[in-house]
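For reference, the structure discussed in these notes is given below.
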Amino acid sequence: MIDYAQTHPDAIYLSEDEASMYLQATTTSVWAPVGQTPVVKASPERDKVSFYGTLNLVSGQEIVTQAETMNSEATAIHLKQILAAYPAKQILLFWDRATWHGGAAVRQVLAENPRLELMKYPAGSPDLNPQEHVWKAARTHVSHNHDQPKLAELADRFERFLKTNKFNYSFLEKFSIETIRAMSK
């Protein structure tokens, strides 16, 4: 990572992950007056919206893409959105080992854009990914205990929250260079 930073002093450092949202509200504890227990409606629908989210580890800004499914094609669309957000910049993208991070569409985007480099998180380590904190914040503010009757409107609120807030996380300070090097193996 130090070599990377020295070679690319103006590089952008990003962390990416995916999440799915259902109309079914996720519940959490909430304060309410005695005797006035809040009611959270249950939805029998299993429709969902998937999100690709990428956190700028320096600015705290979020790039988000809604998708019907998570696959190589949807991942490639999100990667193109990242590249468009940072034109002519070298990008180091941290992400997990999800199966949809491979495939022909992703390989093509990477081959056509050598300025986008990848570093994979260790298998089974979501606790290392700062994007998980972004998902948690968005769920807390948008989808916990909600009463939204339409999934599309809930998904739009979720996306708007992600795009209009900054999410500060000291990933680059939190982990030593030895940890980051171990992640790249």
(request) Determine, for MET70, MET21, the number of other Cβ atoms within 10 Å of each Cβ, and report the residues in order from fewest to most. (result) MET70, MET21
(message) Quick check: net charge around ALA152, other residues with Cβ under 11 Å of its Cβ, Lys/Arg +1 and Asp/Glu -1?
(response) -2
(request) Provide the net charge surrounding THR99, with neighbours chosen by a C-beta distance below 15 Å and charges set as Lys +1, Arg +1, Asp -1, Glu -1. (result) -2
(request) Mind giving me the nanometre distance, one decimal, between the label points for THR7 and MET119, set 7 Å out from Cα along Cα→Cβ? (result) 1.2
(request) Round to the nearest 0.05 the FRET efficiency obtained for ASP127 and GLN61 when R0 = 25 Å and r is the Cβ-Cβ distance. (result) 0.65
(request) Using per-residue counts of other Cβ atoms within 10 Å, averaged over each peptide, order 114-124, 73-83 from highest down. (result) 73-83, 114-124
(request) Apply the Karplus parameterisation 6.51 cos²θ - 1.76 cosθ + 1.60, with θ equal to phi minus 60°, to every residue of region 119-135 and state each ³J(HN,Hα) to the nearest whole Hz, in sequence, with x for glycine and proline. (result) 9, 8, 6, x, 4, x, 9, x, 5, 7, 8, x, 4, 4, 5, 5, 4
(request) Please work out the FRET efficiency for the pair ASN165 and VAL34, using the Cβ-Cβ distance as r and a Förster radius of 25 Å; give the result to the nearest 0.05. (result) 0.15
(request) Would you kindly derive the ³J(HN,Hα) couplings of region 106-111 from the backbone phi angles with the Karplus curve 6.51 cos²θ - 1.76 cosθ + 1.60 (θ = phi - 60°), listing them in order in whole Hz, with x for Gly and Pro? (result) 5, 4, 5, 4, 5, 5
(request) Report the extension gain between LYS48 and GLU68 in nm, rounded to one decimal, defined as 0.36 nm multiplied by the number of residues separating them, less their alpha carbon distance. (result) 6.4 nm
(message) Let's test the formula: R0 of 22 Å, r as the Cβ-Cβ distance of LYS136 and LEU110. What FRET efficiency results, to the nearest 0.05?
(response) 0.15
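Read the figures in this text as sums done on the coordinates, not as results from a lab. In this text the structure is predicted, and so the values were computed from the model without any measurement. Heads up, the Cβs are rebuilt from the backbone with ideal geometry, glycines too, and the neighbour counts pull from every protein chain shown.
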